[in-house]
Amino acid sequence: MIIKSKLSIERELEVLLVAYDYCVLGLRGERLAQHRHISSATAARRIQQAKQAGYIREAVLNIPPDELQSLYPYLYRADLMETVHNYIGREHLRNLIVVPSVSLEDSNQHTLTNKERVGRAAAVRLLNLFDKNTSQAIGISAGRTLAAMVDEIQQNSETIGEFNSPPKCFPIFGDLLLTPLHHRLYPLAAKYASSTLAAELAIAIGGAVDFHLNLSIPAYIPQGFIADANGDEVNQKIQTARSFVEAIPAYRMIFGKSQPNHERETEALITQVDTIITGIGGLENGHIMGWLSMVKDPVSTPHVDPIYAGPIYTDEERSQLESEGVVGHLCGTFITADQVDRFPEDSLVKTVNQRVLGTRPSDLQRCATRTRGKSSGGVILVADGAGKARAVASAISNRCITELICDSELAEELAKVKGIR
């Protein structure tokens, strides 16, 4: 029996931590040494040792799951995780992972952004879940953080074992209505789309190769489509647009046809999903932010496609939504601090949410309820930024999610929102 010295154990731990910093946080050279409080020479030596041990393979993290889990107290904001999780209660939130936010000073030093850090942490968590071989139907939303997550999963795809029955991966969020100018400003917008991420995730994890759905429908009915209508004519136009979208095969397979009382057809994939991965929209300086807020003229130039129908609301409607207490959106549906659905008939929140096509909060609640008490599956919310804290708090209190993976900025603000000291 080999008895390791304390120095040897500490050295091995340091090698593992450096491997994580190198691959997941994207730290290099002096930045890594400062982060780990070691000399640059020691950092270089630990990186070399991590590569020799197989923990780093071409900048891809390859630490075995059991060893990685033992590092959690050193990698994540364990103080925030424990405090917030205990307050919220594990019966409301099965798992909480908080990664350190990058400081403003470090953000200019070519380190990973908070979105990339959170995305990579989510990838590590999902790789662990997929290793349990229990997921059969996986729905994924859209966004930059989820794209970072899928990128990391793709790089680690060879570590995923074969599923007994390959899961179906499908999109749960439609396309944004963007102009060529928007695409010039956001050249990777198509990569962040739900359909793209679902297809890439399926390939990475060995999903059902004969199953692919491209959700080529708008995420919402734009306000420009109903701008000239009044009263009953607005409702008629919305119903016409919804009926058209529901006739598209991919949409019908995922969401089914509209039913009385907003129920879903039992054959719809969204009622059978066991794992949903989504982001969330929040506020910035008190204003609604996110992709749904895309304006007609993003850079104040006259060269905008004249047929652009605009975002989901007008500027006046946006102000009223904020005055009615909207704190963000969940898969496109606007939510308040205490409600995610069943808004008053005369509220603008209800009116605007009727323009949303696709996933509803009730779909998330159904999936979360079905998987409570289980160790895998459920609704995994991946988010960063303090501006999303109030929306996250609402999603938790309304039982829409089972796991939260976020950065420390969001977790600290969430603690303030919840009144945690």
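FYI, it's all coordinate maths here, none of it is from the lab. Note that this is a predicted model, so its numbers are computed, not measured. For neighbour counting, all protein chains shown are included, and Cβ atoms are generated from backbone atoms with ideal geometry for every residue, glycine included.
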Subject >> Potential lengthening between E317 and R45 on full extension [0.36 nm per residue; Cα-Cα distance subtracted] >> reply: 92.1 nm
Original post:
For R57 and R90 in one chain, what is 0.36 nm times their gap in residues minus the Cα-Cα distance, to one decimal in nm?
Top reply: 8.3 nm
Original post:
Helix 78-88: angle to the longest alpha-carbon principal axis of the chain, degrees 0 to 90, nearest 10?
Top reply: 40 degrees
Subject >> Calculated FRET efficiency for the pair R184/R11, C-beta based, R₀ 60 Å, to 0.05 >> reply: 0.75
**OP:** Percent of Cα-Cα pairs per 20 Å bin, from 0 to the last occupied bin, for the chain, please list those.
**Re:** 25, 56, 17, 2, 0
Original post:
If we count other beta carbons within 10 Å of each Cβ, what is the order of E413, E152, fewest first?
Top reply: E413, E152
Original post:
Going down the table (K388/K418; K350/K374; K191/K257; K115/K388; K115/K374), which pairs top 22 Å between alpha carbons?
Top reply: K350/K374; K191/K257; K115/K374
**OP:** Would you mind working out the magnitude of the charge dipole of the chain relative to its Cα centre, with +1 at each Lys and Arg C-beta and -1 at each Asp and Glu C-beta, to the nearest 20 Debye?
**Re:** 980 debye
Original post:
Taking other Cβ within 10 Å of each residue's Cβ, how do M149, M289 sort, fewest first?
Top reply: M289, M149
Original post:
Say each of K350 and K237 gets a label point 7 Å from the Cα, pointing the same way as Cα to Cβ; how far apart are those two points in nm?
Top reply: 2.1 nm
Subject >> Spin-label proximity, T83 to region 378-421 - amide N less than 14 Å from point 7 Å beyond Cα toward beta carbon >> reply: 408-421
Original post:
At a Förster radius of 25 Å, what calculated FRET efficiency corresponds to the Cβ-Cβ distance of Q259 and S216, to the nearest 0.05?
Top reply: 0.60
Subject >> Separation in nanometres of the label points that stand 7 Å from Cα toward Cβ, at A337 and I420 >> reply: 1.8 nm
**OP:** For a footprinting-style exposure proxy, rank F211, F225, F255 by other Cβ within 10 Å, fewest first.
**Re:** F211, F225, F255
**OP:** Subtract the Cα-Cα distance of R252 and I160 from 0.36 nm times their separation in residues, and report this length gain in nm to one decimal.
**Re:** 30.0 nm
**OP:** Would you kindly give the portion of the calculated P(r) for region 129-231 that falls above 23 Å, as a percent of all Cα pairs?
**Re:** 36 percent
